[in-house]
Amino acid sequence: MGVTCVIPVELPEGKSGQQAFAIEKLQKRAELMGATKTGTWCVNCETYQAITTFSTASKLIHLLHSTEFPYSSFAVLETGTCLVADSGFDSLMTKLKTFYTPRKTAKIEAKGQRYEYGDFVLKFGQVSAGPSFKGLVVELEYQPCDDIVQCWSLISEFLISFMDESFVLPPPPKCNNKTTEMFCPSDTILQYIGVFNTYRKSMGVAAGSLSQ
């Protein structure tokens with residue numbers, strides 16, 4: 001994988017019921033410029049809370065899965081530390097039920113259509129918690145490069161040209177590996193944690209914008 005940017009997309013005021021139209025608008029724009037549909041994608045998250053009778057290092061653990069990494073589980077702690085394990089980590093959480101319990105209504109996911117356009121991968125999806133729609137998200141990945149500094153200008157140019165005029169370019173995503181400063185899957189997962197937390201709080205604050 002390369003450098004990835006995950007952007008929550010704000011619907012125009014009073015248009016929260018038109019999420020399907022908003023997603024279709026972005027997908028048609030991608031298809032018109034020549035992007036090829038390559039299937040569907042999903043990132044899901046379940047949050048576990050520490051049982052208060054025990055002293056634990058982290059009160060919350062967010063357990064995430066991504067269709068891009070089908071054999072991996074990502075456990076994100078409150079500190080922002082992201083632990084990467086194989087998919088068997090899920091069964092470990094059930095064995096830790098003495099210490100951690102799933103939070104009620106804490107499951108949230110983003111899913112939608114995946115496209116490829118040259119060296120770019122575009123994903124458009126809806127964020128939902130159970131039956132409740134929370135918002136929209138766009139993910140852009142530039143595959144040939146793992147160095148944010150080297151490719152951010154190209155990524156930002158693509159985003160500005162693809163999104164609407166009201167789009168506000170977010171800052172470059174952070175790379176958590178200070179040793180190599182190379183982008184890795186954990187950095188993408190941490191961006192999704194930020195998006196999910198944003199939509200859990202409210203629909204009113206987001207980094208992207210989609211106008212009619």
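The values are calculated or read from the model by the stated rules, or taken from the named source; none is laboratory data. Treat the numbers as computed from the prediction; the structure is a model and nothing was measured. Cβ coordinates were reconstructed from backbone atoms using ideal geometry, including for glycine residues, and neighbour counts include every protein chain displayed. Heads up: the accessible areas ignore ligands, DNA and RNA and are worked out on the full protein's heavy atoms, side chains in. Shrake-Rupley method; radii C 1.70, N 1.55, O 1.52, S 1.80 Å.
The set of residues from the range 32-60 being surrounded by fewer than 14 Cβ atoms within 10 Å (Cβ to Cβ), of a type in the set (D, E, K, R) and modelled with pLDDT of 85 or more comprises just one member, LYS37. Note on the range 121-136: among residues that are touching a residue at least 40 places away in the same chain (Cβ under 8 Å) and open to solvent by 10 Å² or more (accessible area, probe 1.4 Å), the one that is nearest to the chain's Cα centre (by Cα) is GLN126. Within the range 87-130, the residues that satisfy the criterion of being of a type in the set (Asp, Glu) and at pLDDT 80 or above are GLU109, GLU116, ASP119.
Across the range 164-196, the qualifying residues are those that are in a loop (DSSP other than H, G, I, E, B) and charged (D, E, K, R), and the one among them that is most open to solvent (accessible area, probe 1.4 Å) is GLU165.
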